[in-house]
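Read the structure below first, then the notes.
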Amino acid sequence: LADADCLAPVRQAHAEYFATIAEGARAGLRGRDWLTWTKRLERENPNLWAALMHARDARDPDVAIRLGGSLGLYFLMAERVSEGRRFLELALAVASDDGPIELRLELLAWLSQMATEERDLDAALAGGERALALASTVPASSEFALANIALSIAHRRSGDGERAAALADEARGAYAEAQDDWGIAMSSFIRAGVAAAAGDMRTFSAMLAEARRRSEAIPHDANLPLLALCEAWAAEQQGDRDASMDAYRRALDASRRARFHVHASVALSGLGSLAFADGDLLQAEDLFRQALAAAEHNPTSFPVAHARVKLAGVFAAAGETEPAERLYRRVLEWSEMERPHRARETQFIALVGSPAVEALLGLAELADARGDTAAADELRVRAELTPA
């Protein structure tokens, strides 16, 4: 083909074809066929990158914005956060400012969310503000709402709950005006997370119920694993062990159907924590090991650290201090390492807390047990200073 001077047109046709697929996925991922679309895009992932590389080399801003503005949700749902950020940043660099505003808005909003997941909060906040400024030209649209969502998530992660709540409410209103069930469900999730962090269980429960209603109306069962995990958390806060166990089991079933391995791991750890609270250390250990296995495809992920710190607690309770300490220290090493991010971890941190903080407190208890109060006090101070 190269000899026949046909390679450039073939590459252009290839890029156009996959840009068209990406545009179809933009709507498809929000509907009942989301899993079919996710699987298809995962199969075509190398082709999506090839299309973007061609757009860069050919300086084709149209293909770049069609790819970058359409695929943000795919990278998040497929647990490819860090890869997705690289993809969207490249697409943004190639795209022009006068491209379709709805695609540019989506690209900026998803890019902000990915930066939040990577704990790059300065970039997340700046990107979210940039998206929101652009969104002011198209108020009451789904894209305007998505910009508010991105900035809400960044503010919640940075500790500004009041601003996060206001932005999530603004998004819910815009999605409602646009009659967008998927958007109402997502923004209700975000608002529920803000309420949970503030201890506002009434708002949390109301938003969670709204998210479930809207998800079932589509239907969009990609939301069911997180819904059930949130319901399990709420039941735990109310001391309802049976309801919590039922919700964790539903979360596990829904996660397996959706192929959401990280959600399955968190659900298994939740069941393990209930067994631990009941004093059944053998069952707790088995469930935490299952949680580790469920997320083993991504050994540096949040669910692995979460299961590992819980397993350390089992060893400590059984008097096996050496393996407990080793696991706690592995979790601390994990918390300090540079690592690629795949799944959306912020949603889990809001529910189960920081593995690093739990590891520090676990080490403090071990230090107390051996009479080293100075080390225990230092570890507890570190835990207080460690960000979630």
Check: Can ALA115 be described as buried (at least 23 other Cβ atoms within 10 Å of the Cβ) and under 19 Å from GLY68 (Cα atoms)?
Finding: yes
Next item on the list: With the condition kept exactly as written, say whether any residue in region 196-204 is buried (at least 24 other Cβ atoms within 10 Å of the Cβ), outside the structural domain of GLN237 (by TED's automatic domain parsing) and either small (Gly, Ala, Ser) or assigned to a helix (DSSP H, G or I) (or both).
Entry: no
Check: Name the helices (runs of 4 or more DSSP H) wholly within region 264-336 that hold at least 2 residues that are surrounded by fewer than 20 Cβ atoms within 10 Å (Cβ to Cβ)?
Finding: 281-294, 321-336
Next item on the list: With respect to ARG172, determine if the residue is in a helix (DSSP H, G or I), within 16 Å of GLN113 (Cβ to Cβ) and out of contact with any Leu (no Cβ under 8 Å at 6 or more places or on another chain).
Entry: no
Notebook entry, point to check: Looking at region 353-369, which of its residues are at pLDDT below 95 and surrounded by fewer than 19 Cβ atoms within 10 Å (Cβ to Cβ)?
Noted result: GLY353
Next item on the list: Could you list all residues from region 144-179 that are at pLDDT 95 or above, more than 25 Å from PRO387 (Cβ to Cβ) and acidic (Asp, Glu)?
Entry: ASP169, GLU170
Notebook entry, point to check: What helices (runs of 4 or more DSSP H) completely inside region 33-122 contain at least 1 residues that are assigned by TED's automatic domain parsing to the domain that holds ARG344, of a type in the set (Lys, Arg) and at pLDDT 95 or above?
Noted result: none
Note to self: Checking the conditions here, which among GLU89, GLU44, GLU79 is acidic (Asp, Glu), touching a residue at least 12 places away in the same chain (Cβ under 8 Å) and over 23 Å from HIS14 (Cα atoms)?
What the structure shows: GLU79
Check: What are the residues in region 8-34 that are aliphatic (A, V, I, L, M) and crowded, with 18+ Cβ neighbours inside 10 Å, if any?
Finding: ALA15, ALA19, ILE21, ALA22, ALA25, LEU29
Next item on the list: Answer with yes or no whether ALA232 is outside the structural domain of GLU143 (by TED's automatic domain parsing), modelled with pLDDT of 95 or more and of a type in the set (A, V, I, L, M, F, W, C).
Entry: yes
Item checked: First in region 301-324 and in contact (Cβ under 8 Å) with a residue 24 or more places away in the chain and not assigned by TED's automatic domain parsing to the domain that holds LEU287, second anywhere and in a helix (DSSP H, G or I) and among the acidic types (Asp, Glu), Cβ under 7 Å, 6 or more apart -> none
Check: Of the numbered conditions (1) surrounded by 21 or more Cβ atoms within 10 Å (Cβ to Cβ); (2) modelled with pLDDT of 95 or more; (3) under 27 Å from ASP60 (Cβ atoms), ALA135 satisfies every one except a single condition; which is it?
Finding: (2)
Item checked: Residue that is nearest to GLU358 (Cα to Cα), among those in region 302-346 that are of a type in the set (S, T, N, Q) and at pLDDT 90 or above -> SER335
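Taking the conditions exactly as written (in contact with a Ser or Thr (Cβ under 6 Å, 6 or more places away or on another chain) and basic (Lys, Arg)), does ARG157 satisfy them or not?
yes
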Note to self: If I go through region 241-262 residue by residue, how many of them are free of Cβ contacts under 8 Å to residues at least 60 places away in the same chain, under 15 Å from PRO303 (Cβ atoms) and either loosely packed, with under 15 Cβ neighbours inside 10 Å or of a type in the set (Lys, Arg) (or both)?
What the structure shows: 1
Item checked: Condition check for ALA126: surrounded by fewer than 16 Cβ atoms within 10 Å (Cβ to Cβ) and part of a helix (DSSP H, G or I) -> yes
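One line per residue, one yes/no per condition, for (1) crowded, with 16+ Cβ neighbours inside 10 Å; (2) part of a helix (DSSP H, G or I):
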site	(1), (2)
ALA192	yes, yes
GLU210	yes, yes
ARG213	no, yes
GLU216	no, yes
PRO219	no, no
ALA228	yes, yes
ALA232	yes, yes
ALA235	yes, yes
GLY239	no, no
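The values are calculated or read from the model by the stated rules, or taken from the named source; none is laboratory data. It should be emphasised that the depicted structure is a prediction, and the values quoted were computed from it without experimental measurement. A quick note on method: Cβ atoms are made from the backbone with ideal geometry, for glycine too, and the neighbour counts reach across all protein chains shown.
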